[in-house]
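Peer 1: Here it is: the structure, laid out below.
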Amino acid sequence: MTLDQIRYDCRYFRGDIPCKPNKQFNSTCPTCEQYQTASPKILLIKLGAIGDVIRTTPLIVRFKKEYPNCHITWVTLTPDVLPPSEIDQIYTLDFKSVFVLENSQFDIAINLDKEPEACLLLEKVSAPQKFGFGWNGKHIIAANSAAEHKLITGFFDSESQKNTKSYLEEIFEICGFTFQYEEYLLNVQPRLVDKWKTIRELANGKKIVGLNTGCGKRWITRMWDTENWIQLIQKLQENGYFPVVIGGPDEHELNEFYQKTTNVYYPGFFPRDEFIGLCSHLDSVVTAVSMMMHIATALKTPMILFNNIFNKNEFELYGRGEIVSPTTGCDCYYGVSCSRNIHCMKDISVEMVFEAIVRHTK
């Protein structure tokens, strides 16, 4: 074996360690039957938040359709939600990764984050085609003309409120595509799905309705009243459903209260990968705009989505579920506090939510 026999363009070539075919089959260049060229090389920068990372994954589906032999590198702050079987190289944003990326060559580079570090990284990497958001040394810029619309709607609430496109339509346009309802991708671990089969036994044949009772700490104006959650739980129980309250550490105390008050099932809170395994058994979900919304979309779980302060056109439910909003509208676009004496979320009645659950839980 000589160096000029090495197939450096192979998808599996690592350089620092033996490749996967060599480990599995003792294959070597140039006779390896697993050899695959990898072109074009695509870099996708999407750092966070977690939900935004998940809802950007349909681009992977499209790129693989357009370029079956493409090599995809993704840099993010939450690599655990990305399916490693679908992405060739996943980097966590740190000095080592940035150093490697800035000294690598790509055919296509995309940045869909507006944070300075993401925009700067797009400027630093070498790629003849760049899409999304870059940096001119002073401020964020559109790396290509199709990204201008997304920048403007981010600069001004008045422009954002006029927007009629979903997030997916926007990012597909930025990359030169038309969104064709490509589905989300998610790192779902079979062993954790199997672990939570017990929830089916507890439900005893009843439809399992996940109730994501929190909304995060940033926009608490999305919160539905505690009394409404209690009434919804009881109504579901009375009508033959198996409600489950879910959430993270921020919702733990509240969910324990619901459990004590209504005897609803509360499994506790878990690391993200196990939470995804649990949620894979839900027949429908009620949630505010949150990470749970994106997990449900990725799992193809019907969803009843609370929305008040955001532009509803932004959200793509793929025909699985519906958006429930206050009957009197909302005066606080992206607001962190409510300007009304009576919070608009009080306009969303228990009956409205229950009827939506019945429509979409089959």
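The values are calculated or read from the model by the stated rules, or taken from the named source; none is laboratory data. Since we're looking at a predicted model, the values are computed, not measured. Every residue, glycine as well, gets a Cβ built from its backbone with ideal geometry; the counts of neighbours run over all protein chains shown.
Peer 1: Name the one entry in Val209, Val188 that is within 30 Å of Glu251 (Cα to Cα), assigned to a strand (DSSP E or B) and either in contact with a Lys or Arg (Cβ under 6 Å, 6 or more places away or on another chain) or in contact (Cβ under 8 Å) with a residue 60 or more places away in the chain (or both).
Peer 2: None of the other options fit; the residue is Val209.
Peer 1: Any idea which residue in region 160-173 is farthest from Phe131 (Cα to Cα), counting only those that are without any contact (Cβ under 8 Å) to a residue 40 or more places away in the chain and in contact with a His (Cβ under 9 Å, 6 or more places away or on another chain)?
Peer 2: Within region 160-173, the match that is farthest from Phe131 (Cα to Cα) is Glu170.
Peer 1: Would you say Glu251 is in the same structural domain as Ser85 (by TED's automatic domain parsing) and within 22 Å of the chain's Cα centre (by Cα)?
Peer 2: Numbers: in the same structural domain as Ser85 (by TED's automatic domain parsing): no; within 22 Å of the chain's Cα centre (by Cα): yes.
Judged against the criteria, Glu251 is not a match.
Peer 1: Let me ask something else about it. How many residues does region 104-149 contain that are more than 26 Å from Cys70 (Cα to Cα) and touching a strand residue (DSSP E or B) at 6+ places or on another chain (Cβ under 8 Å)?
Peer 2: Residues of region 104-149 that are more than 26 Å from Cys70 (Cα to Cα), as a first pass: 115-116, 135-141, 148-149.
Then keep just the ones that are touching a strand residue (DSSP E or B) at 6+ places or on another chain (Cβ under 8 Å); that gives 116, 135, 140-141, 148.
The qualifying residues number 5.
Peer 1: Here are Phe310, Phe306: which of them is at pLDDT below 90 and either touching a helix residue (DSSP H, G or I) at 6+ places or on another chain (Cβ under 7 Å) or assigned by TED's automatic domain parsing to the domain that holds Thr213 (or both)?
Peer 2: Phe310
Peer 1: Residues that are crowded, with 19+ Cβ neighbours inside 10 Å: which strands (runs of 3 or more DSSP E) entirely in region 40-144 hold 3 or more of them?
Peer 2: Result: 41-45, 71-76, 108-111, 129-135.
Peer 1: Considering only region 282-340, give the strands (runs of 3 or more DSSP E) lying wholly within it that have at least 3 residues that are surrounded by 22 or more Cβ atoms within 10 Å (Cβ to Cβ).
Peer 2: 284-288, 303-306
Peer 1: Restricting attention to region 11-26, and to residues there that are part of a loop (DSSP other than H, G, I, E, B) and touching a Cys at 6+ places or on another chain (Cβ under 8 Å), which single residue is surrounded by the fewest Cβ atoms within 10 Å (Cβ to Cβ)?
Peer 2: Once the filter is applied, the top-ranked residue is Phe13.
Peer 1: Any idea which residue in region 216-231 is modelled with the highest pLDDT, counting only those that are under 11 Å from Ser290 (Cα atoms) and assigned to a loop (DSSP other than H, G, I, E, B)? Walk me through how you get there before you give the answer.
Peer 2: Step one: of region 216-231, the residues under 11 Å from Ser290 (Cα atoms) are 216-219, 222.
Add one more test, that the residue is assigned to a loop (DSSP other than H, G, I, E, B), and what stays is 216-219.
Values: Gly216: 71, Lys217: 68, Arg218: 74, Trp219: 65.
Residue satisfying both the conditions and the ranking: Arg218.
Peer 1: Which of the residues spanning region 145-170 are in a loop (DSSP other than H, G, I, E, B), polar (S, T, N, Q) and either surrounded by 17 or more Cβ atoms within 10 Å (Cβ to Cβ) or in contact with a Cys (Cβ under 9 Å, 6 or more places away or on another chain) (or both)?
Peer 2: Selection gives Asn163, Ser166.
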